[in-house]
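I have placed the structure first, in the form of structure tokens, so that the comments after it can refer back to it.
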Amino acid sequence: MRLPALPKSRKFCLIGPRRAVSIGRNIVDRIANIARVLAQMRRPQTVERLLRELLTESEAEKLSRRWEIVRFLSEGKSQRTIARRLRVSLCNITRGARELKKRRSTLKRVFSPHTLPHQNTS
């Protein structure tokens, strides 16, 4: 018995001899659910508490480091400067740089000087 071919555009997880579930779609659905919950929260303190309860220390550190990378990039800092300052490899900075270059980048709008409150960059 031969299993049906899976599309190459998505990652799949086999859960039986003939069933496969799209991992990519499930993750996107979960992210959309998280986004809806966060969008409904009105107080930044509540969002912060939720993130602290939800994320492990390691996950919170990775997320905050990625946030800093994108913030520094949006301020015009060079990738090498960011790598030295945050002690990360240039590879870790590339994704943020690529996203900021996209024409309709949400990150670019979020990190616009008119959108983001002033933060300490030290």
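Odds and ends about this structure:
- Scanning the stretch 73-103 for residues that are closer than 17 Å to residue 62 by Cα and among the β-branched types (Val, Ile, Thr) yields 82, 88, 93, 94.
- Helices (runs of 4 or more DSSP H) fully within the stretch 53-122 counting 3 or more residues that are more than 24 Å from residue 38 (Cβ to Cβ) and modelled with pLDDT under 95: 90-101
The values are calculated or read from the model by the stated rules, or taken from the named source; none is laboratory data. Quantities reported herein were computed from a predicted structural model and do not represent experimental measurements. Note that we place each Cβ from the backbone using ideal geometry, even for glycine, and neighbour counts take in every protein chain shown.
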